[in-house]
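In what follows, a structure is listed as structure tokens, so that the remarks can point back to it.
What follows draws every value from the coordinates through simple rules; no lab data is involved. It should be emphasised that the depicted structure is a prediction, and the values quoted were computed from it without experimental measurement. Because the Cβ atoms are built from the backbone with ideal geometry, glycine has one as well, and the counts that use them run over all protein chains shown.
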Amino acid sequence: MKVLMIGPDSQAKGGIATVIHNFKTYFHYSDVDMFFLTTWHEGSRWNQFKTALASYRMMRKENVDIVHLHVAQKGSFFRKALFLLGSRKDTPIVLHMHASSFDKFYNGSSKWVQKWIRRIFDKATCVVVLSEEWESFYKKLTKTEIKIIPNAVPIPDESYYNPSATKIITFGRIGKRKGSYDILEVAKRIKVKYPQYQFVLFGDGEVDQMKKRIEEEQIENVTIGGWVTDKEEIMKDAVLHFLPSYHEGLPMAILETMAAGIPNMASTVGGISQLVKSKENGMLIEAGNIEMMVSELEQYLSNEDSRAILSENARKTVIEKFSMDSYNSTWYKEYQMLEKIEKVCDTNGSKV
């Protein structure tokens, strides 16, 4: 079985790149020949265009059994749509949706673009989403079969949780969508009661704007750590991972930190509530609700015994439900089913 996986460079920044990197590293079956084409990498738009064009031409030359497209919103969707339309008509195509705000992208598009988006979904063999919440949304757009396959991560051999740690960390792109500016407001209030704790934001994005805001408001307990690839040492000094996002899919950062035994305080958006269970393995908060964030965080920092229980349960959750072994097995079975499918098309190229 030959599977063509198409998406951003596995060494690029972001969750989709991490998912593809994990496929490259951990997905190994003797009867699956998987190879990868890149549609996006860091650099100029001209170089990105040339990369996507070269990959498109390569795809047209290859004879594959399955095309697996990793898709977000906006430009990512339009790029992958061209690959879908350019694929051999009888080749099963997976649209693997990672978008954090595809609903916003779709609802903000013109009626013509919305119709075209629905048509692209209808041409896929199946659509894979990360959570029940996203399944409900995509069911409104297409009759194509939708399956839920949550993200997964490799599990460290041991927990990194340190009850004496004094850093509250955030992994991910810095900006409004991730709730980064809300973290500043929370930090200012937390400092009054817990001055020993430091908030550290690791990521790219609105770094300069964030640094300027921190300097202007003289927020001494927040620092910017930049983009990192080796997170082990950082997590060993973290008491909590804090992600108050306004839009999400199923964040790899939450999975990675929970696998390492680091509890999360995260907002109830996207598929997060299927992973984080309030008072069991972490804390759920409402996006934008600063008072709630401060209250939950103060309770968390005040009780070391409770933190230890949340840490243990966080790691246990990922081991039992979001491990790479289980994830790879699910995808292997999916590929086996897709291999048996030969799309039946009418004269207009739509499924019948």
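Computed values, structure above
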| read-out | value |
| --- | --- |
| Viscosity 1.567 mPa s, 4 °C: Kirkwood-radius Stokes-Einstein D of region 66-180 over Cα pairs, µm²/s | 80 |
| Cα long-axis angle, helix 45-61 against the chain (0 to 90 degrees, to the nearest 10) | 40 |
| Cα gyration tensor category, rounded, prolate or oblate, for region 1-92 with a/c compared to 1.5 | oblate |
| Nearest 10 degrees, 0 to 90: helix 207-216 Cα axis against the chain principal axis | 20 |
| Debye log10 I(q)/I(0) at q = 0.16, 0.19 Å⁻¹ for region 1-54, Cα point scatterers | -0.50, -0.66 |
| Reachable lysines from Lys193, criterion Cα separation under 18 angstrom, eight or more residues apart if same chain | Lys167 |
| Dipole magnitude (debye, nearest 20) for region 167-321, charges at Cβ of Lys, Arg, Asp, Glu | 160 |
| The chain: relative contact order as a whole-number percent, Cα under 8 Å and 6+ apart | 16 |
| Cα centroid separation, region 38-70 to region 89-160 (Å) | 20 |
| Cα long-axis angle, helix 304-321 against the chain (0 to 90 degrees, to the nearest 10) | 10 |
| Calculated from backbone phi, Karplus (6.51, -1.76, 1.60) coupling profile of region 129-141 in Hz, x at Gly/Pro | 10, 9, 7, 5, 4, 6, 4, 4, 5, 5, 4, 6, 9 |
| FRET E, pair Lys211, Trp112, Förster distance 41 Å, beta-carbon r, rounded to 0.05 | 0.50 |
| Volume in Å³ per residue [convex hull over Cα atoms, computed for region 167-321] | 97 |
| Environment charge at Ser245 (Cβ cut-off 9 Å; Lys +1, Arg +1, Asp -1, Glu -1) | +1 |
| Of Ile272, Phe171, Gly226, farthest towards positive along the dipole that unit charges on Lys, Arg, Asp, Glu beta carbons give region 167-321 | Ile272 |
| Residues Trp116, Trp331 arranged by fewest to most Cβ contacts within 10 Å | Trp116, Trp331 |
| Region 167-321, relative contact order [Cα under 8 Å, separation at least 6], % | 23 |
| Label of the coordinate-derived value, volume of the Cα convex hull per residue in Å³, listed as [x] 182; [y] 146; [z] 136 | [z] |
| The chain, dipole about Cα centre (Lys/Arg Cβ +1, Asp/Glu Cβ -1), debye to the nearest 20 | 1760 |
| Karplus-derived HN-Hα couplings along region 83-92 (A = 6.51, B = -1.76, C = 1.60, θ = phi - 60°), whole Hz, x at Gly and Pro | 5, 4, 5, x, 6, 4, 4, 9, 8, x |
| Ellipticity estimate at 222 nm from DSSP helix runs (n ≥ 4, -39,500 (n - 2.57)) divided over the chain, nearest 500 | -13000 deg cm²/dmol |
| Of Gln11, Ser101, Ile66, farthest towards positive along the dipole that unit charges on Lys, Arg, Asp, Glu beta carbons give region 1-105 | Ser101 |
| Anchor Lys24: lysines whose Cα lies under 19 Å away (excluding residues fewer than 8 positions away in-chain) | Lys2, Lys13, Lys333 |
| Amide H within-cut-off set for Leu243, under 5 Å, with H built and near neighbours excluded | Met265, Ala266, Ser267 |
| Qualifying aspartates and glutamates (Cα of each under 15 Å from Cα of Lys123; at least 8 residues distant if same chain) | Asp90, Glu145, Glu342, Asp346 |
| Spatial separation of Cα centroids for region 264-294 and region 178-210, in angstrom | 17 |
| Most positive-pole-ward Cα, Phe137, Val153, Ala308, against dipole of the chain from beta carbon charges | Phe137 |
| Cα gyration tensor category, rounded, prolate or oblate, for region 167-208 with a/c compared to 1.5 | prolate |
| Flagged links, alpha-carbon separation over 29 Å, of Lys61/Lys340; Lys139/Lys236; Lys104/Lys316 | Lys139/Lys236; Lys104/Lys316 |
